[in-house]
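The structure under discussion appears below in the form of structure tokens.
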Amino acid sequence: MRKCSCSCLQIREHHRKLRKEAKKRGHKKPKKDPGIPSAAPFKEELLREAEQRKQRLEELKQKQKLDRQKELEKKRKLDAKKNAAKIKEKTEGKESSRKSEAKTNKLLDKNSKKSFCRELKKVIEASDVVLEVLDARDPLGCRCPQLEQAICSGEDKKLLLVLNKIDLVPKENLEKWLNYLKNEFPTVAFKSATLLKDRTMQEKVTKRSARIDLSRNTECFGSECLLKLLQEHCKTQNKAIQVGVVGFPNVGKSSIINSLKGARPCNVGPARGVTKSMQIVHIDKQMKILDSPSIVADPSNNALALAMRSIIDTGESGLANVLEGIDAILNHCSKQQVMMFYSIPDFRNTKEFLTLLAQKRGMLKKGGVPDTESIAKLLLCDWTGAKISYHSQPPEYQRLPPYLTEDKIAEMQKGFNLKKLEEENTTTVTALKYPNLASSITFQSAGMTNGTIEEKVLEEASEHENLETGEEEEEEKEEEENFTESDDDQGNGEEEEEEKNKEKADIPIHYPSAWRRWQMKMMPMILIPTMCNEEWAKTWLGDYSWPLTQS
Ligand SMILES: Nc1nc2c(ncn2[C@@H]2O[C@H](COP(=O)(O)OP(=O)(O)OP(=O)(O)O)[C@@H](O)[C@H]2O)c(=O)[nH]1
């Protein structure tokens, strides 16, 4: 008992202390709402009202909560929209930069095509004799009727055909072609030296000669025959002559010049379009040889001609052309032979062929995906390069092109010792090793390839293209504008609604306490009768009733 009374006292003492300290700090306890006195009239009504008000308050709170949630959702949506817009801007930026890149590429392409034309024209105009270089694997496909016509129509110009890369076709096929071509223009069988000695090469050769036999690549065939032919013509002319070397890309123009010179003054490579401008090479006092950039293939050519004879853009934008090119090549070859040559199983289409080949050669992208694009580019280079052996057959019936009459043929042959040429050709043919017919892929030529010789033609084509691309761009712009306008309209409507909701949510709500509300309600009931009746006032208000009663 004692213990308990002691602890009670201590607690009371503690509470007193706390109250004292609070008083000192001036902190008063908040007054409690006394509520409605139980004797008050209309109590139940007031309580009901209070209940209703509570309910309304709850509803309002709920509504405000919902509004806030809506607002948050809208904010989130807006943020998402902004982010999407940013991403779109970025991608559009990239796209536009890609577009501009493509445009510049196109421009470069156009400019280079123009300069190729210009340089080729210079070479043709400056030449007394023009050598049209043909790839022995598809001689007809390497002939350009526009070029031949331009030379035939010019006075005192001679045109010779040089059948290059004869080491890549079967002997019997080569002979057939020589017999066919000699009926139109004097033709020289040729095999260029593909690995010519310069200082760096000599070092390599001495180091590696023990292992690799380079004689096949360093030796050239037909150069003596060609040089003799040109020198004889030079004698008949009684002046120094200039010999232009022309042809489609990769036919071996520069390699022929290097072989004639016995050195490497001209750049050679497996890529197309290595030579970009006219290059003069002095053979002797009487003869200069002019290297030229390739003939620009006309876009109106069929897919095969474009694949084999044009400088295809191997960038991203030109990928479709590369695949189309491979497709065209495969369609013009014997499938069985292609399968044998590449040692791959049967394939249904070009894509499958490229996939199989990429897998076989280990050309894989990240995750082991076959790199079909790279293998396609490589193949395209291979088919005009220095390795693959394929052959096409000359047409059964020889039909002369319209610009080539019998008289013109005789005129072109004049001044050349054709008998000697034939003899020299046969010695060249017999001196070389050839692939056998079975191992060489049979290829179906697409015929002569149209080329663009005149710069004017290119300009007209580019103007036409510009007009088309301009129209396309305008259409794109219009579409974009329509899209953004409709987007803006939607956005404005939503924003207005949001603002209205915000205004509604911002209205402050003050709720008086229950006691205050009771007072307010009861005030007129007390005041009106007291103002009218002195007795009532005295009983209700006592001494405070005098100002009311006096008035
Ligand atoms: N097997 C073989 N390959 C050759 C022969 N002549 C040229 N080549 C190869 O063919 C490819 C193209 O040779 P280029 O001399 O650069 O051909 P181009 O016509 O000057 O090429 P562009 O300058 O691009 O027009 C090179 O890889 C040469 O090594 C040849 O007689 N036999």
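The accessible area of C381, taken with all protein chains in place and a 1.4 Å probe, comes to roughly 50 Å².
Report the residues of the range 386-411 in range of a label on N179: point 7 Å along Cα→C-beta, backbone N strictly under 16 Å from it. Under cut-off, by backbone N: 392-399. Within the range 231-339, the trypsin sites (Lys or Arg not before Pro) that combine a DSSP coil assignment with at most 15 other C-beta atoms in a 10 angstrom radius are K239, K276, K285.
Residues whose amide H comes within less than 5 Å of that of G451, counting only those at least five positions distant or on another chain, are Q146, L147, D298 (H built at 1.01 Å from N in the peptide plane).
Loop-resident trypsin sites (Lys or Arg not before Pro) (DSSP state other than H, G, I, E or B) in the range 373-420 with no more than 12 further Cβ atoms inside 10 Å of their Cβ: K387, R399, K414. The GluC sites (Glu not before Pro) of the range 375-446 meeting both criteria, a DSSP state outside H, G, I, E and B (loop) and at most 16 other C-beta atoms within 10 angstrom of the site's C-beta, are E396.
Note on K63 and L364: their simple-model spin labels are 6.7 nm apart, each label 7 Å out from Cα toward Cβ.
On the basis of the beta-carbon distance and an R0 of 56 Å, K32 and K90 show a calculated FRET efficiency of 0.35. For the range 33-38, putting each phi into the Karplus relation 6.51 cos²θ - 1.76 cosθ + 1.60 with θ = phi - 60° gives couplings of 5, x, x, 8, x, 5 Hz, in residue order, rounded to whole numbers and with x for Gly and Pro.
Computed extension gain for A40 through N349, at 0.36 nm per residue and net of the alpha carbon distance, reaches 101.4 nm.
Protein heavy-atom surface of the range 316-360, 1.4 angstrom probe: 51% of the accessible area is carbon and sulfur, with nucleic acids and ligands not counted. Legend: residues Y403, Y397, sorted from most to least accessible area (1.4 Å probe; ligands, DNA and RNA excluded), read Y397, Y403.
Taking every protein chain into account, the 1.4 Å probe leaves I124 with about 20 Å² of accessible area, to the nearest ten.
The values are calculated or read from the model by the stated rules, or taken from the named source; none is laboratory data. Here the structure is a predicted model, which means the values were calculated and not measured. Here Cβ is always computed from backbone atoms with ideal geometry, including for glycine, and neighbour counts include all displayed protein chains. What goes into the accessible areas is simple: the full protein's heavy atoms, side chains included, and nothing from ligands, DNA or RNA. Shrake-Rupley method; radii C 1.70, N 1.55, O 1.52, S 1.80 Å.
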